[in-house]
Amino acid sequence: MARYAQVQGSVALITLTNPPVNALSAAVRLGITEAVTRALRDPKVKSVVICGENGVFCGGADIREFAKPMTGPPLVPMISAIEEGDKPVVAAIEGVAFGGGLELALGCHYRIAHSKARVGLPEVTLGLLPAAGGTQRLPRLIGLAPALELITTGRHVTAQEALKLGIVDKVTDQSAQDLAIQFAQEVIGQPLLPRKLSTQLTPCPPDVDTILDEAMARVKQRARGAMAPVACVQAVRAAVNLPYQAGMQKEQELMAFLFRSSQARALQYCFFAQRAVGKWSLSSGAHSGNSKPRPVTKAAVIGLGTMGRGITVALVKAGLSVVAVETNKKQLEMGKQMVSAMLKHDAQKMNAVPRLDLLHYTTDLSELKNTDLIIEAVFEDMALKKEVFKKLSSVCKPDAVLCTNTSGLDVDELASVTKRPELVVGMHFFAPAHVMKLLEVVRGSRSSPEVMATAMHLGKRLGKVSVVVGNCSGFVGNRMLRPYLDQANFLLEEGATPELVDGALEEFGFPMGVFKVSDLSGLDVGWRIRKEAGLTGPNVDPKDPLRRRQGRRYSPLPDLVCEQGRLGQKSGRGWYLYDKPGGRVATPDPDIHKLLEDYRVRHGIRPRQIGSQEVLERCLFALINEGFRVLEDGMAMGPEGIDMIYVFGYGWPRHRGGPMFYAAMVGLPRVLERLEYYQQVHPDVPHLQPSSLLRRLVVNGSPPLDKWRDFLQRPHSQL
Ligand SMILES: CCC/C=C/C(=O)SCCNC(=O)CCNC(=O)[C@H](O)C(C)(C)COP(=O)([O-])OP(=O)([O-])OC[C@H]1O[C@@H](n2cnc3c(N)ncnc32)[C@H](O)[C@@H]1OP(=O)([O-])[O-]
């Protein structure tokens, strides 16, 4: 797991060999320990180079080992032995040096990086801190403020920035390993003490306490309940206030606390779940390993509304040439201006040139003859989408892939109007489409494996976390959102206020509560959908009482709010009051409180005290319950997919792992018991009826999440 060689006569070359990222597994740590001991003992060896195989230095500690009992030599003494040795050790960094990998490099006396390499301490994103000396050595090397920023965010740094910050000593466009070997010979005999970071003091500006206090305040505000960033600040504070050994002691204590936390488990679960969803499989036996994507060099986007513009920008940023289509010249010009502005803004931030040359704008669909893949992003209206698909089917080349960016319409119905239903697939982007990481790839009943592979591959090129989902109303994300929204509205009827509900959800870790999100998206969106569904407006069944629709409890509160012209942020009033139309700062609105009071009086509802726990249980458990139904119906490959949809598309706090992981952490019997309780209190809300899968899992002893698939009655039936 670590190869040893002697090169150029006097240089020991130690190569980490644990593909794909040379993670520091027990075997690698043992290999390094033995190789370093040998090099330090061998009188013929005058200096040492540590590098990684296959152009990757090291991706850090082996995260898979965190769930198992610790074996092999620990990292801290291994790194100390390197630093304490009397021979210069040079790290040759190619690819990445992340986490324990960078900490290993910080224990070396010199660091040389390839110009394309990246370094960083991303432990915080796994619910941990850099506990192999990273919190103590990095501040000593680069100073307090930059070290705080890197350690609390886990940000990856390019080789150029690392050079500027002083993390690496040299950057090369050639082989970092060759340069390191040459360098290792040049530094033989030079004093090593100044290069041993543990012997140095952290350079501190006079306002050190202010910097630390401000960092703590910033981190707490951003962390939304995540503990690791806070612990990172505490550990770095120790690098300033305490001698090295005492600082290390503090680092270990904080790590021990984080390591056992449910947050660390959740974040590490997310790391693997994010990678697992890319490995899709279908009930037919097709999977990501045996289905080849079609080449896509030229794409088209139909419709330059909010979604179409974002999708166009995302495609161009991924280097694809794009034909952007609108119905008339005026709309086209407007779309063009917006897309250009977005691309210029983005390019400016990255100090790059906007790739406007990749775009072609037209109102003529016949110009799509040569495109490989078309994404329809017109208004969410089945008749209109069908019309577009019919036309696409006749103008596009026969093997062009046709994608629809719908947030919930039936992909099969759309495919049925084309001559190539097997080449039709849903690509559900989330607004703003060039920013949001989530993509639901919706498999129609006839979508071919090749077309699934193409959509998934395109998602990857766009930098998205793409999740395969089945073709059901609302797909996975929006389908699960409905019971959540319903519960939030019911809570208002029963005595809550928007700020009470939002407060509980924000305390849980959502960036915004449900009512603030609705104000941001525009309340008219849901209103229109409810009208179309016959839940409000002229199509309501006259026999339905006001608070019952289609046989179940219904809250007309959101409709009443819209009827008052309160459409959310854009109109300056929604569930909250804003300082002006388009304003962002929400303040509680006495008019809404009055509206709620009047409503309760009108309907004879006696308001009651509602606590945060009830808000969380009713909103989140109803959503989770629907997640179990999604699994039961075979609309998602597994709980990991659902969790990634919620983490990347709906602001579910990552340190809580996603709704299904959270259910497992809370305990399935508890979720079931609370659902049963609320169902008894609210028998007219079918969403609270516990799903049969949840019951089955509880009866079978609540198996761990990766075993849930074994309890599905129709695994993958719809995929
Ligand atoms: C005292 C302790 C202190 C230290 C703590 C730490 O170091 S904490 C660690 C701090 N380090 C980090 O947080 C870095 C985490 N890693 C990354 O950021 C990225 O993986 C990458 C940039 C290294 C490579 O990106 P890329 O897009 O080229 O490739 P990819 O992402 O698809 O990965 C390929 C395969 O490698 C797997 N795998 C990767 N890393 C690890 C690991 N450390 N371990 C185990 N496995 C790992 C990954 O699961 C995948 O496996 P699969 O699915 O094929 O079975």
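Flag: Glu123 matches the condition of being farther than 24 Å from Ile181 by Cα, open to solvent by 10 Å² or more (accessible area, probe 1.4 Å), within 12 Å of the ligand (Cβ to nearest atom) and acidic (Asp, Glu).
Counting the residues of segment 139-166 that are among the hydrophobic types (A, V, I, L, M, F, W, C), out of contact with any His (no Cβ under 9 Å at 6 or more places or on another chain) and over 21 Å from Ala217 (Cα atoms) gives 6.
Hey, does segment 681-691 have a residue that's hydrophobic (A, V, I, L, M, F, W, C) and open to solvent by 20 Å² or more (accessible area, probe 1.4 Å)? Checking segment 681-691: at least one residue is hydrophobic (A, V, I, L, M, F, W, C) and open to solvent by 20 Å² or more (accessible area, probe 1.4 Å).
Looking for whichever is open to solvent by 10 Å² or more (accessible area, probe 1.4 Å), away from the ligand (no atom under 13 Å from the Cβ) and basic (Lys, Arg) here; the options are Arg309, Arg275. Which one fits?
So the residue among Arg309, Arg275 that is open to solvent by 10 Å² or more (accessible area, probe 1.4 Å), away from the ligand (no atom under 13 Å from the Cβ) and basic (Lys, Arg) is Arg309.
Sub-6 Å Cβ pairs linking a first residue in segment 483-502 that is free of Cβ contacts under 8 Å to residues at least 24 places away in the same chain and farther than 16 Å from Asp591 by Cα to a second residue that is among the hydrophobic types (A, V, I, L, M, F, W, C) and open to solvent by less than 20 Å² (accessible area, probe 1.4 Å), at least 6 apart or interchain, are Asp502/Phe515, ordered by first then second residue. Just wondering, is there one or more residues in segment 530-543 that are part of a strand (DSSP E or B), open to solvent by less than 50 Å² (accessible area, probe 1.4 Å) and within 24 Å of His687 (Cα to Cα)? No, segment 530-543 contains no residue that is part of a strand (DSSP E or B), open to solvent by less than 50 Å² (accessible area, probe 1.4 Å) and within 24 Å of His687 (Cα to Cα).
What number of residues within segment 6-18 satisfy the criterion of being open to solvent by less than 20 Å² (accessible area, probe 1.4 Å) and more than 16 Å from the ligand (Cβ to nearest atom)? So the count comes out to 5.
Just so you know, in segment 549-560 the residues that are among the charged types (D, E, K, R) and surrounded by 14 or more Cβ atoms within 10 Å (Cβ to Cβ) include one that is nearest to Ile605 (Cα to Cα), and it is Arg553. Can you spot a residue in segment 169-181 that is under 27 Å from Glu34 (Cα atoms) and either at pLDDT below 95 or within 16 Å of the ligand (Cβ to nearest atom) (or both)? No, that holds for no residue. Does Leu141 meet the test of being more than 16 Å from the ligand (Cβ to nearest atom), open to solvent by 20 Å² or more (accessible area, probe 1.4 Å) and out of contact with any Gly (no Cβ under 8 Å at 6 or more places or on another chain)? Spelling it out, it is not the case that Leu141 is more than 16 Å from the ligand (Cβ to nearest atom), open to solvent by 20 Å² or more (accessible area, probe 1.4 Å) and out of contact with any Gly (no Cβ under 8 Å at 6 or more places or on another chain). Inclusion of Leu520 among residues that are touching a residue at least 40 places away in the same chain (Cβ under 8 Å), open to solvent by 70 Å² or more (accessible area, probe 1.4 Å) and in a helix (DSSP H, G or I) is warranted. Residue check: is Thr199 crowded, with 17+ Cβ neighbours inside 10 Å, under 23 Å from Ala105 (Cα atoms), more than 29 Å from the chain's Cα centre (by Cα) and hydroxyl-bearing (Ser, Thr, Tyr)? No; evaluated as a whole, the condition is false for this residue. For segment 356-365, the condition of being part of a loop (DSSP other than H, G, I, E, B) and either open to solvent by less than 40 Å² (accessible area, probe 1.4 Å) or assigned by TED's automatic domain parsing to the domain that holds Thr306 (or both) holds for at least one residue.
Remark: Gly107 falls outside the filter, which requires a residue to be open to solvent by less than 10 Å² (accessible area, probe 1.4 Å) and closer than 23 Å to Ser261 by Cβ.
The residues of segment 281-300 that are modelled with pLDDT under 95 and among the hydrophobic types (A, V, I, L, M, F, W, C), listed by number, are Leu282, Ala286. Filtering segment 93-117 to residues that are among the charged types (D, E, K, R) and within 16 Å of the ligand (Cβ to nearest atom) leaves Glu94, Glu103, Lys116. Name every residue in segment 278-306 that is touching a residue at least 60 places away in the same chain (Cβ under 8 Å), within 16 Å of the ligand (Cβ to nearest atom) and in a loop (DSSP other than H, G, I, E, B), in order of residue number. Selection gives Gly278, Trp280, Ser288. In segment 250-277, of all residues being in a helix (DSSP H, G or I) and of a type in the set (Lys, Arg), the one that is farthest from Pro704 (Cα to Cα) corresponds to Lys250. If only residues of segment 64-92 that are more than 24 Å from Ala159 (Cβ to Cβ) and either aliphatic (A, V, I, L, M) or outside the structural domain of Lys170 (by TED's automatic domain parsing) (or both) are counted, the one that is farthest from the ligand (Cβ to nearest atom) is Ala81. Residues in segment 147-165 that are more than 16 Å from the ligand (Cβ to nearest atom) and either acidic (Asp, Glu) or over 19 Å from Ala228 (Cβ atoms) (or both): Glu149, Gln160, Glu161, Leu163, Lys164, Leu165. Cβ-Cβ contacts under 7 Å between residues 6 or more apart (or on different chains), taken from a first residue in segment 128-148 that is in the same structural domain as Leu163 (by TED's automatic domain parsing) and without any contact (Cβ under 8 Å) to a residue 60 or more places away in the chain to a second residue that is hydrophobic (A, V, I, L, M, F, W, C) and surrounded by fewer than 23 Cβ atoms within 10 Å (Cβ to Cβ), are listed as Leu141/Leu197; Ile142/Leu165; Pro146/Leu165.
Considering Val28, Val21, Val45, Val36, the condition of being among the aliphatic types (A, V, I, L, M), within 14 Å of the ligand (Cβ to nearest atom) and open to solvent by less than 30 Å² (accessible area, probe 1.4 Å) is satisfied by Val28 alone. Taken across segment 505-513, residues that are closer than 20 Å to Arg608 by Cα and part of a helix (DSSP H, G or I) do occur, with at least one present. When the residues of segment 548-575 are filtered to those that are assigned to a loop (DSSP other than H, G, I, E, B) and within 19 Å of Tyr484 (Cβ to Cβ), the one that is modelled with the lowest pLDDT is Gln550. Of the residues making up segment 312-355, those that are open to solvent by less than 100 Å² (accessible area, probe 1.4 Å), closer than 20 Å to Gly463 by Cα, in a helix (DSSP H, G or I) and free of Cβ contacts under 8 Å to residues at least 40 places away in the same chain are Val339, Leu343, Ala347. Scanning segment 210-230 for residues that are within 14 Å of the ligand (Cβ to nearest atom), open to solvent by 60 Å² or more (accessible area, probe 1.4 Å) and either among the hydroxyl-bearing types (Ser, Thr, Tyr) or closer than 13 Å to Glu123 by Cα (or both) turns up nothing.
The values are calculated or read from the model by the stated rules, or taken from the named source; none is laboratory data. Quick caveat, the model's predicted, so the values are computed rather than measured. Every residue, glycine among them, receives a Cβ derived from its backbone with ideal geometry; neighbour counts consider all protein chains shown. Heads up: the accessible areas ignore ligands, DNA and RNA and are worked out on the full protein's heavy atoms, side chains in. Shrake-Rupley method; radii C 1.70, N 1.55, O 1.52, S 1.80 Å.
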